[in-house]
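A quick write-up on the structure given underneath.
The values are calculated or read from the model by the stated rules, or taken from the named source; none is laboratory data. Because the structure is predicted, anything quoted here is derived from the model rather than measured. Please note: Cβ atoms are built from the backbone with ideal geometry, for glycine as well, and neighbour counts cover all protein chains shown. Only protein heavy atoms, including side chains, enter the accessible area calculation; ligands, DNA and RNA are left aside. Shrake-Rupley method; radii C 1.70, N 1.55, O 1.52, S 1.80 Å.
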Amino acid sequence: MKTTKPAADGLLSSAKLWTLTFAPLCWAAHFLASYLTSAIYCAKYAPADGDGLPIRIAVALFTVIALSLIAWIGGIGLRAHHMGETKLPHDDNTSRSEQRFLGFATLLLSLLSGVAILFTALVFVIMETCH
Amino acid sequence: MHQSSFQSALDTAGKGAERIAELFYWMAGGATLIWIVTMGLAVYAILSRREHSVRMTRWLVIGGGAVVPTVVLAGLLSYALVMLPELQRPAPEGSLTIEVAGVRWWWRVNYIDNTGRRIPTANEIYLPVDQPVEFKLTSEDVIHSFWIPSLGGKVDMMPGRTNRLKLHPTRTGVFSGVCAEFCGTAHAQMRFRVVVTDQQTFDDWLVGQAQELAERREPSANTDPADVHQSAAETQAAIGKTTFFSRGCSACHAIRGTPADGVVGPDLTHFGSRLSIGAGVLDNTPENLRLWLSDTHRVKPGVQMPDFQTLRGDEVDSLVHFLGALK
């Protein structure tokens with residue numbers, strides 16, 4: 001039996017769905033990069049009481065990059081959220097409402113990921129040595 | 001001497017444990033406050049009949065649901081992180097160093113003296129009060145975790161890796177130590193006692209632990225009944241020594257100063273002076289030792305030591321006398 005596709009307005013845009021995941025992916029990448037760098041550096045290139053400054057510099061760099069990417073993604077989400085005149089909640093069964101909803105969710109996830117990245121980075125602020 | 005009646009991270013006797021307990025009280029206080037406010041708002045929302053401004057309620061949701069938790073978590077995280085450098089910092093150069101290895105399901109302990117010599121013991125740790133101590137922790141089989149709740153935080157013991165931990169006892173007493181990482185059948189019975197004493201008592205204890213059996217008043221192997229000075233207990237101990245070797249105990253256990261040099265099980269050179277049997281499972285009394293020797297697997301299911309149910313009653317008695325005399 002032949003099935004008919006639902007109207008395009010009712011479909012979620014796959015491109016927007018991927019955008020939704022970028023901020024948490026930045027968070028995951030930042031977390032892994034920070035801990036892998038410190039683990040490898042302390043295990044392979046520094047004594048047990050080795051200075052933690054090189055790691056702190058590397059994590060600061062990762063943090064700036066991750067927060068910049070998240071700010072950019074959050075900006076995209078904010079623009080999608082504010083598109084047009086409608087207000088929250090974006091729950092109409094239309095393509096525009098769906099884009100506004102995904103934009104708003106992207107913005108909120110960006111904020112959450114930004115805070116999580118700062119929490120991860122905070123650990124390295126007090127890291128004096130490889131101990 | 002104070003003996004901790006229960007094992008608790010809040011019954012503090014060390015600098016690390018004091019900071020951790022402090023953090024716990026702040027977290028518990030903060031959590032209680034947040035719970036009261038949240039429940040108060042929920043009850044208010046249910047009971048309140050009057051209309052509220054949409055703008056105000058939206059800010060309440062954003063503030064209470066996102067901003068306040070973030071600020072509270074950031075505060076707690078910062079407070080905890082500030083503690084870390086001091087807790088992680090090694091003990092000063094020249095501090096007492098103790099190597100501890102986790103073995104299913106007991107603790108191999110080596111004190112390093114001033115000359116670098118290792119003084120072995122097992123399942124019991126003596127510490128001097130008000131002195132920082134550096135622990136070097138490893139494992140001989142699976143992952144264990146070394147934890148003396150009253151003295152400080154716990155640290156994992158990994159095969160092939162040495163982790164370190166600094167503890168700084170602040171009052172004398174007897175405290176409990178445990179394995180805090182599930183490691184197999186007898187994990188819950190992998191315990192040890194920690195005795196914190198004044199410096200002089202500790203120094204005397206360490207000098208005693210360094211002695212080998214031959215340096216002390218060894219239970220005599222001479223069982224000649226004509227020797228009127230030999231007490232019945234000493235005779236029993238001498239027979240027990242013979243039993244110890246004839247029954248193969250020396251294959252697994254070392255008694256320094258004798259041919260017994262097994263390393264599979266705990267060093268027994270000063271077994272009689274220890275507080276517990278079977279890694280903190282039983283108090284070290286003759287009755288409990290008799291039970292341990294004759295029905296080991298009932299006392300500690302899964303233990304690697306074989307059940308010596310073939311030992312005759314008189315052999316068990318003599319072993320109890322011999323091991324009890326190893327002070």
Inset, instruction - Identify all residues within the stretch B:174-188 that are more than 11 Å from B:PRO301 (Cβ to Cβ) and hydrophobic (A, V, I, L, M, F, W, C); write none if there are none. - result: B:VAL174, B:PHE175, B:VAL178, B:CYS179, B:ALA180, B:PHE182, B:CYS183
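Does the stretch B:52-63 contain any residue that is part of a helix (DSSP H, G or I), facing chain A (nearest Cβ under 10 Å) and either closer than 30 Å to B:VAL133 by Cβ or in contact with a strand residue (DSSP E or B) (Cβ under 9 Å, 6 or more places away or on another chain) (or both)? Before the answer, list the steps.
Applying the first criterion (part of a helix (DSSP H, G or I)) to the stretch B:52-63 yields B:54-63.
The next check asks that each one be facing chain A (nearest Cβ under 10 Å); those that pass are B:58.
Narrowing further to those that are either closer than 30 Å to B:VAL133 by Cβ or in contact with a strand residue (DSSP E or B) (Cβ under 9 Å, 6 or more places away or on another chain) (or both): none.
No, there is no match, as no residue in the stretch B:52-63 is part of a helix (DSSP H, G or I), facing chain A (nearest Cβ under 10 Å) and either closer than 30 Å to B:VAL133 by Cβ or in contact with a strand residue (DSSP E or B) (Cβ under 9 Å, 6 or more places away or on another chain) (or both).
What do you reckon, is B:ALA80 within 14 Å of chain A (Cβ to nearest Cβ), surrounded by 15 or more Cβ atoms within 10 Å (Cβ to Cβ) and not in a helix (DSSP H, G or I)?
On the way: within 14 Å of chain A (Cβ to nearest Cβ): yes; surrounded by 15 or more Cβ atoms within 10 Å (Cβ to Cβ): yes; not in a helix (DSSP H, G or I): no.
Criteria not met by B:ALA80.
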Inset, instruction - Name the residue, out of B:PHE175, B:PHE202, that is part of a helix (DSSP H, G or I) and open to solvent by less than 10 Å² (accessible area, probe 1.4 Å). - result: B:PHE202
Legend entry - Sole residue being over 26 Å from B:VAL71 (Cβ atoms), modelled with pLDDT of 95 or more and away from chain B (no Cβ under 13 Å), chosen from A:LEU32, A:LEU67: A:LEU32
Inset, instruction - Provide a single number: the residues in the stretch A:52-64 that are modelled with pLDDT of 90 or more and buried (at least 17 other Cβ atoms within 10 Å of the Cβ). - result: 5
